[in-house]
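Everything on this sheet refers to the single structure shown next.
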Amino acid sequence: MKVKIDLTAGGELVQEAVIEIDDRKVEHLDEDQLRQAIEINIRSWADRTIGISWEITEGIEREEDMD
């Protein structure tokens, strides 16, 4: 089984990918279980593919800091 993934950011297509799932591993699953297996594989792909970094550029101004 092949599953096509479209990764978008800000409404723009960033990457396309195809993941393959061994048919023997999913052929016995019902529709709900198959959907769950696909979602697990997509989450694993996303964990390996997507990285997000952030930093605080301006702190919170607290009243006690203004004294």
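All told, K4 falls short of being free of Cβ contacts under 8 Å to residues at least 60 places away in the same chain, assigned to a helix (DSSP H, G or I) and either open to solvent by 100 Å² or more (accessible area, probe 1.4 Å) or in contact with an Asp or Glu (Cβ under 8 Å, 6 or more places away or on another chain) (or both). Scanning the stretch 7-23 for residues that are charged (D, E, K, R) and assigned to a strand (DSSP E or B) gives E12, E16, E20. Taken together, the criteria exclude R24 from residues that are out of contact with any Ser or Thr (no Cβ under 8 Å at 6 or more places or on another chain), surrounded by 10 or more Cβ atoms within 10 Å (Cβ to Cβ), at pLDDT 95 or above and of a type in the set (D, E, K, R).
Tell me, please, whether a residue that is among the charged types (D, E, K, R), at pLDDT 95 or above, surrounded by fewer than 10 Cβ atoms within 10 Å (Cβ to Cβ) and part of a loop (DSSP other than H, G, I, E, B) can be found in the stretch 53-60. Yes: the stretch 53-60 contains one or more residues that are among the charged types (D, E, K, R), at pLDDT 95 or above, surrounded by fewer than 10 Cβ atoms within 10 Å (Cβ to Cβ) and part of a loop (DSSP other than H, G, I, E, B).
All of (1) surrounded by 10 or more Cβ atoms within 10 Å (Cβ to Cβ); (2) not in a helix (DSSP H, G or I) hold for N41 with one exception: (2). A search for C-beta distances below 7 Å between a residue of the stretch 45-56 that is on the phi > 0 side of the Ramachandran plot and any residue that is open to solvent by 100 Å² or more (accessible area, probe 1.4 Å) and modelled with pLDDT under 95, counting only pairs 6+ apart in sequence or on different chains, returns nothing.
Determine which member of the set R48, R35 is loosely packed, with under 10 Cβ neighbours inside 10 Å and not β-branched (V, I, T). After applying the criteria, what remains is R48.
The values are calculated or read from the model by the stated rules, or taken from the named source; none is laboratory data. Here the structure is a predicted model, which means the values were calculated and not measured. Note that we place each Cβ from the backbone using ideal geometry, even for glycine, and neighbour counts take in every protein chain shown. The accessibility values were calculated without ligands, DNA or RNA, using every heavy atom of the protein model including side chains. Shrake-Rupley method; radii C 1.70, N 1.55, O 1.52, S 1.80 Å.
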